[in-house]
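Notes follow once the structure below has been shown.
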There are 2 protein chains.
Amino acid sequence: MSVEERQLRADAERNRRRLLEAAQALFRERGLDVGVAEIAQVAGVGRGTLFRNFASKEDLIAAIVIERVQEAVLRGETLLAASDPAEALFQFLGELVGRQQLDRALFEAVADEWLVNDEIRGAHARMVGVMDELLTRAQSGGEVRDDIGAMDVLMLLKGTCEAASAFAHVDARIIDRQLDLVRAALSVPASARRLRGRPPTLEEIEGAAPQTGARRTGSAAERSQVL
Amino acid sequence: MSVEERQLRADAERNRRRLLEAAQALFRERGLDVGVAEIAQVAGVGRGTLFRNFASKEDLIAAIVIERVQEAVLRGETLLAASDPAEALFQFLGELVGRQQLDRALFEAVADEWLVNDEIRGAHARMVGVMDELLTRAQSGGEVRDDIGAMDVLMLLKGTCEAASAFAHVDARIIDRQLDLVRAALSVPASARRLRGRPPTLEEIEGAAPQTGARRTGSAAERSQVL
DNA sequence: ACCTGAACACCGTTCAAGT
DNA sequence: ACCTGAACACCGTTCAAGT
């Protein structure tokens, strides 16, 4: 009886994982506008099962985001043991940009006002906590200016993520350049060094814009921004 | 006859402006999820009239965004005549953040992948063009490092906009601080100066997060972000 | 020419019926 | 307990009828 019960729960748990993985793959491919019907279909369950496991489509998205943020926290904890504290910090920041790129649609959803909950905030707080530890170590090492905090870094990194979204498919080195700029902003004035590469031109941006007329796929790779 | 024709067109034009203004006000108040039905109602026209003037809700949003960006371009052209080129540049950047805050929902919509068209790209290109002129003047003045371009600046500014969205209602000075950080990144290494204020703490962020349980209004002021 | 609102299409969510 | 898909609700968009 209790065995049957556990088996049923195992089934439910399997459905939950299937839904998470189907949603994840579909969101990466085509952005957040894939419908719940398709997610359920790819996961091989009925629509209702999706809503039994996740109260809403937002909740499904939130569950995936929390998994991703938690992975970043673990990575940060590993880097806390690295020998060069400044390198560890900037390694972490670089990887963070990479993670944001991989699941861009998801993180955009969370940045929008319509998706915030306590679990996400908790995961986010842990991530900022690890970043703050990495930052403090780097500041103790003397290479990073001591009048900044983890939130300053986080905000700067936002710009890097935007750069990555806009240009990564034109020239991936633009991300390194932007990370250099962040590093220049964070370094103690005396140690500032010149940036790698050259500034992207407006033509490169416009050229990289999605082609007009063609049916828009809604791919996360096709983005632009006004500001 | 042609007079009648012009009068009818004048009516149509008036409806168009009413729709733009109604949409603008509603979007500022409650974000982009206000329905077209309500916009049409507030504008005092039928739903169909909205779609006669704008091919879609996206087009309506785009039309407002273009007006806003064009205003920024005009402001930039005025600042090109200022006496202190570095001050003019950073004044422009600060105001740009302010504009983004005022119509945050609109610009977020454009940053999302689902709203891009040639007109917006054109307006954006003009804005980057003016920024580039301001930057070049500041670089000639010697205060701004010469290995960066307008796009670098734009990307850094993204982070400032995020900071403003997250913290402006807690402590507006955080925006000045973030602008200082941008200025530090852009200044020639020797002239870098210490930032104003202090880093925001994690507690301030969490405390500023939307209250749980309360019905979310969808207000643009209630935001958080994971990265 | 332009305006209107009923009707349609689409998609997130619910729930009665099934196992 | 859990699963399912038909039915519902909501909102962007269309279009036949009106002026």
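Bear in mind these aren't lab numbers, they're just calculated from the coordinates by the rules spelled out. Every value quoted in this text rests on a predicted model; they were computed, and no experiment measured them. Cβ sites come from the backbone with ideal geometry, for glycine too, and all protein chains shown count toward neighbours.
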Check: What is the Å³ per residue value for the convex hull set by the Cα atoms of the range B:88-168?
Finding: 99
Notebook entry, point to check: Under 26 Å Cα-Cα from B:K158, which lysines qualify once same-chain neighbours fewer than 8 residues away are excluded?
Noted result: A:K158, B:K57
Next item on the list: Output the relative contact order of the range A:1-106, whole-number percent, from Cα pairs under 8 angstrom with separation of 6+ residues.
Entry: 29
Next item on the list: Can you tell me the dipole magnitude for the range B:13-125 around its Cα centre, using point charges on the Cβ only (Lys, Arg +1; Asp, Glu -1), in Debye to the nearest 20?
Entry: 540
Item checked: Dipole axis of the range B:1-152 (+1 Lys, Arg; -1 Asp, Glu on Cβ), positive-most option in B:L89, B:L19, B:A150 -> B:L19
Margin query: Can you tell me how the range A:1-144 classifies by the Cα gyration tensor, rounded, prolate or oblate, using a/c under 1.5 as the rounded cut?
Written below: prolate
Notebook entry, point to check: What is the magnitude of the charge dipole of the range B:85-150 about its Cα centre, with +1 placed on the Cβ of each Lys and Arg, -1 on the Cβ of each Asp and Glu, and no other charges, expressed in debye to the nearest 20?
Noted result: 120
Item checked: Ranking of B:S165, B:S187, B:S83, B:S140 by count of other Cβ atoms within 10 Å, fewest first -> B:S83, B:S140, B:S187, B:S165
Checklist line | Other-copy label distances relative to A:Q101, 7 angstrom Cα-Cβ extension, nm | finding: 3.2
